[in-house]
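Asker: I'd like to ask some things about the structure below.
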Amino acid sequence: MKPSQALNRPLVYHVGDHANIYEEDIIIRRLGFRIGNLGLLIAQRAVSELSDIPQICPLPFTSDWLLGLINVRGNLVPVFDLFNLLKFQTNTKRKQKLLILDQGESAGGIVIDELPEHLSFSINDELASLPPLPDIIQPYTTSGYEKNNQLWFNFEHLAFFKSLSTKLKM
């Protein structure tokens, strides 16, 4: 198996004896990141990478939450400051990193100030209904989970990036 296939295989499995599998035993493993107090889960088959923040080429006359563009393996990737967009405070004591979601023309970068986490959820952790979220991100958080008194939301990053392109000030 190629490394890319291994990393992108589904991470849903059953715990315990396969003869006695109960619905509550289903475990969902995902990678999540935080923007302020908002926990977002990366789509299950999405390619993601974490790096130091490279030199960003700013775009004049655009919104302040669009930091600019970077070159990732020959593709121009927009870099977004979701802390600014969502009006959240960033933790200035931590070294910021760049989380790139997807690849090629679909890629987008997000500045984060905490490392992503590997998370596991059971079906019992799923929220029956979502709490109010910022209007700009609400349509792209389809479902959620609560684990250790923290909320995590499935994040439709491709649709979110596309929606941001319509909000740019030009």
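The values are calculated or read from the model by the stated rules, or taken from the named source; none is laboratory data. These figures come from a predicted structure and were not determined experimentally. Quick reminder, even Gly has a Cβ in these numbers, built from the backbone with ideal geometry, and neighbours come from all protein chains shown.
Asker: Would you please list the contacts, defined by Cβ atoms under 7 Å and residues six or more apart or on different chains, that run from a residue in region 43-56 that is free of Cβ contacts under 8 Å to residues at least 60 places away in the same chain and closer than 15 Å to ALA107 by Cα to a residue that is surrounded by 16 or more Cβ atoms within 10 Å (Cβ to Cβ) and among the acidic types (Asp, Glu)?
Answerer: VAL47/ASP102
Asker: Which of the following residues is among the hydrophobic types (A, V, I, L, M, F, W, C), modelled with pLDDT under 80 and not in a loop (DSSP other than H, G, I, E, B): LEU40, LEU7, LEU50, LEU67? Break it down into steps so the answer makes sense when it comes.
Answerer: Numbers: LEU40 fails: modelled with pLDDT under 80; LEU50 fails: modelled with pLDDT under 80; LEU67 fails: modelled with pLDDT under 80.
Just a single option satisfies the conditions, and that option is LEU7.
Asker: Filter region 55-84 for residues that are within 16 Å of LEU101 (Cβ to Cβ) and loosely packed, with under 13 Cβ neighbours inside 10 Å and give the result.
Answerer: ARG73, LEU76
Residue-by-condition table, conditions (1) touching a Gly at 6+ places or on another chain (Cβ under 6 Å); (2) under 18 Å from PHE33 (Cβ atoms):
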{"site": "PHE61", "(1), (2)": "no, no"}
{"site": "ASP64", "(1), (2)": "no, no"}
{"site": "ARG94", "(1), (2)": "no, yes"}
{"site": "LEU101", "(1), (2)": "yes, yes"}
{"site": "ILE112", "(1), (2)": "no, yes"}
{"site": "ASN124", "(1), (2)": "no, no"}
{"site": "ILE137", "(1), (2)": "no, yes"}
{"site": "PHE155", "(1), (2)": "no, yes"}
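Asker: If you don't mind, there's one more thing I want to ask. With the condition kept exactly as written, say whether any residue in region 143-160 is acidic (Asp, Glu) and in contact (Cβ under 8 Å) with a residue 12 or more places away in the chain. Give the steps one after another, and end with the answer.
Answerer: Step one: list which residues in region 143-160 are acidic (Asp, Glu), which gives 146, 156.
Pick out the ones that are also in contact (Cβ under 8 Å) with a residue 12 or more places away in the chain and you get 146, 156.
Looking for residues that are acidic (Asp, Glu) and in contact (Cβ under 8 Å) with a residue 12 or more places away in the chain, one finds at least one in region 143-160, hence yes.
Asker: Filter region 93-116 down to the residues that are over 16 Å from VAL47 (Cβ atoms) and within 11 Å of the chain's Cα centre (by Cα), then identify the one that is surrounded by the most Cβ atoms within 10 Å (Cβ to Cβ). Walk me through it before giving the result.
Answerer: Of all residues in region 93-116, those over 16 Å from VAL47 (Cβ atoms) come to 93-97, 111-115.
Pick out the ones that are also within 11 Å of the chain's Cα centre (by Cα) and you get 111-112.
Numbers: VAL111: 20, ILE112: 22.
Filtering first and then ranking leaves ILE112.
Asker: Only one of ARG45, ARG30 is more than 25 Å from LEU168 (Cα to Cα), at pLDDT 90 or above and either in contact with a Leu (Cβ under 9 Å, 6 or more places away or on another chain) or not in a helix (DSSP H, G or I) (or both). Can you tell me which?
Answerer: The unique qualifying residue is ARG30.
Asker: Buried (at least 17 other Cβ atoms within 10 Å of the Cβ), touching a strand residue (DSSP E or B) at 6+ places or on another chain (Cβ under 9 Å), at negative phi and in a loop (DSSP other than H, G, I, E, B) - does that describe any residue in region 117-136?
Answerer: Checked region 117-136: no residue is buried (at least 17 other Cβ atoms within 10 Å of the Cβ), touching a strand residue (DSSP E or B) at 6+ places or on another chain (Cβ under 9 Å), at negative phi and in a loop (DSSP other than H, G, I, E, B).
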